[in-house]
1. Find the centroid of the Cα atoms in the stretch 109-127 and in the stretch 30-65, then give the distance between the two in whole Å.
2. Compute the distribution of all C-alpha to C-alpha distances in the stretch 126-177, in bins of 5 Å from 0, and list the percent of pairs in each, rounded to whole numbers.
3. Please give the FRET efficiency for residue 156 paired with residue 62, using the beta carbon to beta carbon distance and R0 = 25 Å, rounded to the nearest 0.05.
4. Where a ≥ b ≥ c are the square roots of the eigenvalues of the C-alpha gyration tensor, would you call the chain rounded, which needs a/c under 1.5, or, failing that, prolate if a/b is larger than b/c, or oblate?
5. With n ≥ 4 as the cut-off for DSSP H runs, can you work out [θ] at 222 nm for the chain, using -39500 (n - 2.57) per run divided by the number of residues, rounded to the nearest 500?
6. Picking from 26, 122, 37, which is most flexible by a Gaussian network model of the chain using Cα springs under 10 Å?
7. Once both labels are modelled 7 Å past Cα along the beta-carbon direction, what's the residue 199-residue 144 spacing in nm?
8. Describe numerically, in nm with one decimal, the distance between label points set 7 Å from Cα along Cα→Cβ at residue 166 and at residue 52.
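Values in this text are rule-based calculations from the coordinates and carry no lab data. Given the structure is predicted, the values throughout are model-derived calculations rather than measurements. Every residue, glycine among them, receives a Cβ derived from its backbone with ideal geometry; neighbour counts consider all protein chains shown.
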Ligand code: CDP
């Protein structure tokens, strides 16, 4: 079965958690596309050329070690480059249409990578709530982080991701919006599953 669930949204809105839960629920492949940009960002911090780094990326480059504030900022800087985005597009499209179903989360999945996706979600939350969540996630590993610093990083990344010319972050006109500002993440997952169930039932 070919079935793509495309999820976009700003930093720390909960889209990764929703994407992982949907993939587990339906037995679909999951690709966190932000990790691709983070891996390129990490290589650039280490001195690599961004486009070459994107072309040379392998699965071994991906992992949770990329989930730091510095690498997130570097990812959003390399993500404005159309040549970097182009180098990462094919692998994302291949996975989106792989047999057995796929969930992809990122910034341009509904709009650019998989506009044909059967299910489209835009997961968002207020900047303050997102900063609180990201601070809670990262502060144990990085004692130098402050909540205010994380909020500033989130706002700077929003501005760069939404303001860039190539594939800016925007809610697709046909995406269902889930605002998790006042929602426990389990409720967001339930809302996403309910939405996808309706689409699957219509196709059955
Ligand atoms: O986890 P979080 O939402 O904070 O970020 P991420 O999804 O890992 O993405 C890191 C950065 O990569 C974003 O701020 C974007 O600049 C970029 N990105 C993108 O441009 N397009 C995507 N499909 C995914 C990520």
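1. 22
2. 4, 20, 21, 19, 16, 12, 7, 2, 0
3. Details: r = 24 Å, r/R0 = 0.96.
In this case the efficiency is close to 0.55.
4. Numbers: a/c = 1.74, a/b = 1.20, b/c = 1.44.
Verdict is oblate for the chain.
5. Numbers: 8 runs with 105 residues, N = 204.
Helix-only estimate at 222 nm: -16500 deg cm²/dmol.
6. Fluctuation is largest for 26.
7. Distance between label points: 4.2 nm.
8. Taking the simple label geometry, residue 166 and residue 52 are separated by 1.8 nm.
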